[in-house]
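Computed from the coordinates by the stated procedures, all read-outs in this text should not be read as laboratory data. The structure presented is a predicted model; accordingly, all values stated were derived computationally and were not measured. Note: ideal-geometry Cβ built from the backbone for every residue, glycine included; neighbour counts use all protein chains shown.
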Amino acid sequence: MERFYKRALEPPFIIGKNNDSAKSSRDSFDAKDLPTDPGLRIQILEYNPNIRDEVRRAYISRGPCQPLKHNFPFTTFGKKSRRFNSNWFSEYANWLEYSISKDAAFCLCCYLFKAKSGEQANGDFVGEGFRNWKKGERLKEHGLAFRGDDESKTSTNRGNFLELLNFLADHNDDIKYVINGAPENLKLIAPSIQKDIVNAAATKTINIIMEEIGGSLFSILVDESRDISMKEQMAIVLRFVNKDGCIVERFVGVEHVTSTTALALKEAICCFFSRYNLSISRLRGQGYDGASNMQGAFNGLKALILKENPCAFYIHCFAHQLQLALVAVAKKHILVSALFFSVTSVVNVVGASSKRCDILHQKEAEKIFSALNNGDLVSGRGLNQETTLKRPGDTRWSSHYDTLISLITLFSSTIKVLEIIVEDGVSSEQKGEANNLLGLMQSFDFVFTLHLMRSNLGITNELSKALQRKDQDIVNAMALVKIAKKRLQMMRDEGWDSFYDQVSSFCNKENIDVPNMSDKFVARCRSRRKAPEVTNLHHYRFDVFFSIIDMQLMELNDRFSEANTDLLLSVACLCPDDSFSAFDKHRLINLARFYPQDFSTFQIEALDDQLETYILDMRSTDGFGRLKGIGALAQKMVETKKHEVYPLLYLLITLALILPVATATVERVFSAMNIIKNRLRGRMGDQWMNDSLVVYIEKEIFDSVDNESIMQMFQSMKTRRFQL
C-alpha cells in the first residue's frame with residue numbers, strides 16, 4: 001500500500017522538497033516540512049545518527065499520519081468550464097498513469113484530443129493531439145486488444161480503446177467537450193485508423209533496427225509454429241553486434257507460410273530479406289531447433305542457404321541439444337522411462353479436476369501449518385508459497401526438472417489425494433488407476449529414480465537458464481557445458497554415498513521401505529533362475545546410478561565435443577580468460593580462412609602481422625587481462641578504440657559473437673503470440689498481428705521512436721481528409 005501511494009503521488013504531485021534536496025538535507029530537517037504521508041517519509045536510517053531521536057519526537061508530536069487520498073494538480077476537475085488548461089491534460093494523464101499503474105493499458109484517444117485554449121476541433125487540433133498519442137500505444141505495448149465485440153453506443157463493453165476514452169470523458173467536462181465536439185471524420189477511432197497508426201509505429205521500429213544493423217554481418221534465428229487459428233507462422237530474429245560491441249538479438253517479423261517445407265521457408269526468408277534490403281551474402285550464421293526440415297543435410301533449410309552462402313554456418317540450438325542429451329537419452333533406460341510415464345500419469349490424475357487440485361492445496365497447507373507449529377519450517381516473506389504439480393513438456397526447457405521438484409515438494413500431499421481417490425472414486429477405473437499409481441509412488445525404485453533425475457537435471461539447470469540469454473556467446477556456452485559435464489562426472493565418482501543418504505532419508509520420512517543393500521536383488525521382469533545374482537547395492541549403484549549418468553555423459557560428449565569442429569576450436573582462441581591463455585595465432589589465421597568472403601589472401605597476411613602486436617598489447621594493457629568472455633572483450637575494445645587499431649582482429653571477434661547459441665528469443669516470440677493472438681482474437685490478419693508483435697516485443701526500440709516521424713508516415717500512407 002505504501003508503494004502504491006508513493007508511486008501514485010510522485011512529482012509533480014508531491015508537495016515540498018524534491019528527492020535531491022531531501023538527500024542533501026538529511027543532516028538536518030525542518031519539522032514543518034516532514035511529509036504526512038508515511039509512504040513519502042525518508043527512512044529514519046538515512047538521517048544523521050545525531051538527529052534521529054529529534055526526528056522521531058517530531059513525528060510523535062504531529063500525531064497519527066495517513067496517506068493522502070488525492071492531490072490533483074489542477075483546479076478545473078469536475079467543473080463545467082469549457083476553458084482548457086494547456087498543462088492540465090498532461091498532468092492529468094501523468095496522474096492517471098501513476099495512480100492506476102505505471103504499466104496500465106492507456107488509451108490511444110487520451111492523447112489524440114489535446115486542445116488549445118479557445119480552439120475548435122479541426123485539422124490543426126487533431127494534428128496537435130496526434131503528437132501526444134505515444135503513451136496510448138500502451139495497449140499494444142502490453143498486448144491488449146483495441147476493439148471489442150460490440151462497439152455500439154448501447155454496448156456495456158465497447159472494448160479497451162473506447163472504454164478508456166469514455167472513462168476520461170466521464171471524469172472531465174473539458175475532455176468530454178473536445179471528444180464530442182470533434183467532427184466524425186476527425187475522431188481517429190476507426191479500426192482502420194488504429195491499424196494504420198500501429199503499422200506506422202511497427203515500420204518505424206523495424207527501420208531503427210535495420211539502421212542499427214547497418215552494413216554489419218548478422219546471423220538468423222528461425223522457428224515455426226502454429227497460432228491459435230492453426231496458421232503456420234515463421235518467426236525471424238536477427239543476431240548481430242552493435243556499434244558498442246554488444247551482442248543483440250532483435251525480432252524483426254513473423255511470416256505466414258502455407259507450407260513448412262524447406263523450400264517454402266527459404267522463399268519466405270528471401271522475400272523478407274528483399275523487403276528490408278538485407279543481403280544473404282552478409283549472413284554468417286543460422287540457428288534452428290533441429291527439426292528435419294531445418295537441419296536436413298541435403299534438402300533442409302540449412303543446406304539451401306549454405307548453397308548460396310557457404311559462410312552461413314549452422315549451429316544446432318544448444319538448449320534443445322541439452323534437452324535431448326539429458327532427458328531423451330535418459331528415457332532409454334527402462335527405470336527412467338517408467339518414472340516419467342508414471343509422473344505424467346500422476347499429474348494427469350491429480351490435476352484432472354479443480355476439486356482434486358483444491359484437495360492437494362488443502363493437504364499441503366495443513367502440512368505446512370503443522371511444520372510451522374513444530375518449528376520445522378521458518379516463515380518469512382516469499383517462503384512457503386502455494387504451488388502445484390507442474391506438467392512436463394518435451395519442447396519446454398527445464399520443464400522436466402520443474403516437474404520433479406514440484407512432485408518431491410508435494411509428495412506426501414499427492415499420496416493423500418491418491419488415497420482419497422482410491423476410497424471415494426466415482427468409477428472402478430479411477431480407483432484402479434489411483435491404486436496403481438499409489439503403489440508405484442510408494443516403491444523404493446520410484447523414489448530412487450525420481451531423486452536421481454532431479455539431481456542430474458539440477459546440475460544442468462543453471463546451464464539451461466544461461467543459454468536463454470540474448471548476449472550469450474558460443475565460447476562461454478561451451479565453457480558452461482564443460483562445467484556441467486565435470487559436475488556430472490564428480491557426481492558419478494564421489495556422489496553415491498551422499499545421494500543414497502538423501503534417498504534413504506526421504507523414504508524414512510514418507511514411510512517407504514528401504515531394501516537392505518547387501519541382500520540379493522530380485523528382478524521383477526525375469527525368472528529368478530535366469531536373473532543374474534547381484535546384490536541390491538550392485539543393482540542400484542552400477543545398473544542404475546552409474547548407467548544413467550554414463551549415458552548422459554556420453555551423449556553430452558558427442559553433442560558438445562570441443563574437438564568435433566575446427567571452427568569452435570578456432571573461435572575458442574579468442575577468449576581473453578586468464579590473460580589470453582587460449583590465444584593461438586595459427587588457429588586464428590585458420591579461423592579467418594573459414595570466411596573467404598571477409599578475408600582475402602592479402603588480409604590474411606596482414607592479420608598474421610597484426611596478431612603479434614595485438615597479443616602483446618592486450619597482455620600489457622590494464623583492464624584486458626581480467627576480462628571474461630569474448631563479449632566483454634568486444635565491448636572493451638570499442639570502449640578503448642582498439643577496434644580501430646586492430647580492425648581485422650575485431651572482425652574475427654564479431655564473426656565469433658554472431659554465431660547463434662540458442663533459439664530462446666524465437667521461443668519467446670511464440671509465447672508473445674499466444675498473448676497477442678488469443679482465442680478471442682483468432683481472426684487477426686497477418687499484417688495486424690505482425691505489427692502488434694513488433695511493437696509488443698521490441699518495446700525499448702519503440703519507445704525511442706519520434707512521434708513526429710510516426711505522424712508523417714501515418715499521413716503519407718494514404719490521402720487523408722486533414723493535414724497533420
Taking the alpha-carbon centroid of each part, what is the distance from the stretch 312-365 to the stretch 171-228 in angstrom?
-> 40
Exactly which chymotrypsin sites (Phe, Trp or Tyr not before Pro) in the stretch 240-315 are in a DSSP loop and have at most 16 other Cβ atoms within 10 Å?
-> Tyr276, Phe298
Cut-off 18 Å, label 7 Å out along Cα→Cβ of Glu708, residues of the stretch 184-214 by amide N | 201, 204-205, 208
How far apart, in nm, are two points set 7 Å out from the Cα along the Cα-to-Cβ line at Leu680 and at Tyr276?
-> 3.1
Distance in nm between Asp622 and Asp497 label points, each 7 Å along Cα→Cβ, equals 4.9
Phi to ³J(HN,Hα) by Karplus 6.51 cos²θ - 1.76 cosθ + 1.60 over the stretch 236-243, Hz, x for Gly, Pro = 10, 10, 9, 10, 7, 10, 7, 5
Count neighbours as other Cβ atoms within 10 Å of each site's Cβ, and list the chymotrypsin sites (Phe, Trp or Tyr not before Pro) in the stretch 459-507 that are DSSP loop with at most 11 such neighbours.
-> none
For the table Lys363/Lys677; Lys266/Lys636; Lys204/Lys677; Lys367/Lys520; Lys390/Lys416, the rows whose alpha-carbon distance is greater than 27 Å are Lys363/Lys677; Lys266/Lys636; Lys367/Lys520
Using a simple spin-label model with points 7 Å from Cα along the Cα→Cβ vector, what separation in nm is obtained for Asn299 and Asp609?
-> 5.2
Signed unit charges on C-beta, dipole axis of the stretch 212-281, positive-most listed residue Thr258, Phe273, Leu238 | Phe273
By the Cα gyration tensor axes a ≥ b ≥ c (a/c under 1.5 gives rounded; else a/b larger than b/c gives prolate, otherwise oblate), the shape of the stretch 566-657 is prolate
Please report, in cubic angstrom per residue, the volume enclosed by the convex hull of the alpha-carbon atoms of the stretch 345-498.
-> 161
So between Ser427 and Ile44, what do we pick up on full extension, going 0.36 nm a residue minus the alpha carbon distance?
-> 131.5 nm
Cα-based reach from Lys302 at 15 Å (exclusive), listing aspartates and glutamates while leaving out same-chain residues under 8 positions away | Asp223, Glu224, Glu267, Asp289
Centroid-to-centroid separation of the stretch 675-724 and the stretch 397-429 [C-alpha atoms, Å] | 46
